[in-house]
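The values are calculated or read from the model by the stated rules, or taken from the named source; none is laboratory data. From a predicted model like this one, the values you see are computed outputs, not experimental measurements. Every residue, glycine as well, gets a Cβ built from its backbone with ideal geometry; the counts of neighbours run over all protein chains shown.
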Amino acid sequence: MTLIAIILIILGLFFFFGTSIGILRLPDFYSRAHAAGKADTLSTILIILGCALYYLDYSHYDLASFNVAFKLFVIIAFVFIGSPTATHAIMDAASSAGVEHWSKDKDKS
Amino acid sequence: MQFITSFILLVPFWFLMSGKFDMFHVVLGIISITIVSLWFGNMLIQSPKKSFPARLGEIFNFIPYLFWLLIEIVKSNIHVIKISLSPNIESCINPQFVTFKTSLKKDFSKFILANSITLTPGTVTVRISDSEFLIHALTDEVASGLPGDMESKVAKVFNERISK
């Protein structure tokens, strides 16, 4: 069980790593927000799932540990709702401030 | 009515979250649940006229939608990772704004649709004004695939009619 938890957490870390590279490499504000807002969700879900599994195994599946696992799942639910909403708010602010988006044809710096 | 419903909903939630059943925590829980449902009961239960079976049906329709959304999230993450790790990043993306009109009526179903679009591969909702969605798409193929079957899925969950 601990092995599954470790695999989940490492997968989550890999997705976080990919997100960071995406933020650094993508050309403009909007596409960077894509990377920041998307890959966050899955990596957070994976890491928290790994933590919950590890804690359940560590405390031998007693009632109190299920309580802790439930609280961790509530965190997942909030990330599920909060992450797209935050991305949306940032993008909306940028588009009303008039940030231009990058496109292939124009070669402006 | 709103007070009683939210009270009944919040009591098991308190016990799930606290996990303690001694006198102090129970009394504390009852007091805070009373205050919360007095102040925010009308926010939790938006339309008190709706019948109980209709509410239950919405919840049951929502669960398969949630699983479908989870699969879409995994796909979208892999999509973003693939783009950000590709060697020539500027050749595989073509960012653009797309607008489309939706025929969903309720605010809540529009919100669910916007969040689902944000979570699916390559698209982010930027703005909703009345029934117009402004969407930023990362590549050409996802821009042409909008809004897809997502709108009808959301409409099915909330029992709304959409006209094409």
Please count how many residues of region B:50-59 are outside any loop (DSSP other than H, G, I, E, B) and without any contact (Cβ under 8 Å) to a residue 40 or more places away in the chain.
5
Restricting attention to region A:22-41, which residues are within 8 Å of chain B (Cβ to nearest Cβ) and either in contact with a strand residue (DSSP E or B) (Cβ under 9 Å, 6 or more places away or on another chain) or in contact (Cβ under 8 Å) with a residue 24 or more places away in the chain (or both)?
A:Pro27, A:Asp28, A:Tyr30, A:Ser31, A:Ala33, A:His34, A:Gly37, A:Lys38, A:Ala39, A:Thr41
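Every residue, every condition in (1) hydrophobic (A, V, I, L, M, F, W, C); (2) out of contact with any His (no Cβ under 8 Å at 6 or more places or on another chain), yes or no:
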site: B:Phe15; (1), (2): yes, yes
site: B:Thr34; (1), (2): no, yes
site: B:Phe52; (1), (2): yes, yes
site: B:Ile73; (1), (2): yes, yes
site: B:Lys82; (1), (2): no, yes
site: B:Pro87; (1), (2): no, yes
site: B:Phe97; (1), (2): yes, no
So for region B:77-87 (the condition being under 30 Å from A:Ile23 (Cα atoms) and small (Gly, Ala, Ser)), does at least one residue qualify?
yes
Which ones in region A:55-82 are acidic (Asp, Glu) and part of a helix (DSSP H, G or I)?
A:Asp57
Out of all the residues in region B:60-70, is one or more part of a helix (DSSP H, G or I) and more than 30 Å from A:Phe15 (Cα to Cα)?
yes
Is it fair to say A:Leu24 is at pLDDT 85 or above, assigned to a helix (DSSP H, G or I) and touching a helix residue (DSSP H, G or I) at 6+ places or on another chain (Cβ under 7 Å)?
no
Strands (runs of 3 or more DSSP E) enclosed by region B:96-146 - at least 2 residues per element that are of a type outside the set (D, E, K, R) and touching a Lys or Arg at 6+ places or on another chain (Cβ under 9 Å)
B:123-129, B:132-137
Identify all residues within region B:80-95 that are part of a helix (DSSP H, G or I) and either at the interface with chain A (Cβ under 8 Å from one of its Cβ atoms) or among the aromatic types (Phe, Trp, Tyr) (or both); write none if there are none.
B:Val80, B:Ile81, B:Ile83, B:Ser84, B:Leu85, B:Ile89, B:Glu90
Among the residues of region A:49-68, how many are in contact (Cβ under 8 Å) with a residue 24 or more places away in the chain and within 14 Å of chain B (Cβ to nearest Cβ)?
1
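Select from region B:1-16 the residues that are part of a helix (DSSP H, G or I) and exposed (fewer than 13 other Cβ atoms within 10 Å of the Cβ) and list them in ascending order.
B:Ile4, B:Ile8, B:Pro12, B:Phe13
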Looking only at region B:122-152, filter to residues that are within 8 Å of chain A (Cβ to nearest Cβ) and over 15 Å from the mean Cα position of the chain (by Cα); which one of those is nearest to A:Pro84 (Cα to Cα)?
B:Val126
Are any residues in region A:43-65 on the phi < 0 side of the Ramachandran plot and either modelled with pLDDT under 85 or of a type outside the set (A, V, I, L, M, F, W, C) (or both), and if so, which ones?
A:Ser43, A:Thr44, A:Gly50, A:Tyr54, A:Tyr55, A:Asp57, A:Tyr58, A:Ser59, A:Asp62, A:Leu63, A:Ala64, A:Ser65
Can you name the residue in region B:93-134 that is touching a residue at least 40 places away in the same chain (Cβ under 8 Å) and small (Gly, Ala, Ser) and is also farthest from B:Lys153 (Cα to Cα) among such residues?
B:Gly122
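So which of B:Ile93, B:Ile73 ends up being within 17 Å of A:Leu46 (Cβ to Cβ), surrounded by 15 or more Cβ atoms within 10 Å (Cβ to Cβ) and not basic (Lys, Arg)?
Testing whether each residue is within 17 Å of A:Leu46 (Cβ to Cβ), surrounded by 15 or more Cβ atoms within 10 Å (Cβ to Cβ) and not basic (Lys, Arg) leaves just B:Ile73.
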Taking B:Ile35 as meeting all but one of (1) surrounded by 12 or more Cβ atoms within 10 Å (Cβ to Cβ); (2) farther than 19 Å from B:Ser152 by Cα, write down the number of the exception.
(1)
Find all pairs meeting these conditions: Cβ atoms under 9 angstrom apart; at least six residues apart or on different chains; first residue within region B:71-88 and of a type in the set (D, E, K, R); second residue outside any helix (DSSP H, G or I).
B:Glu72/B:Thr120; B:Glu72/B:Pro121; B:Lys75/B:Thr120; B:Lys75/B:Pro121; B:Lys82/B:Cys92
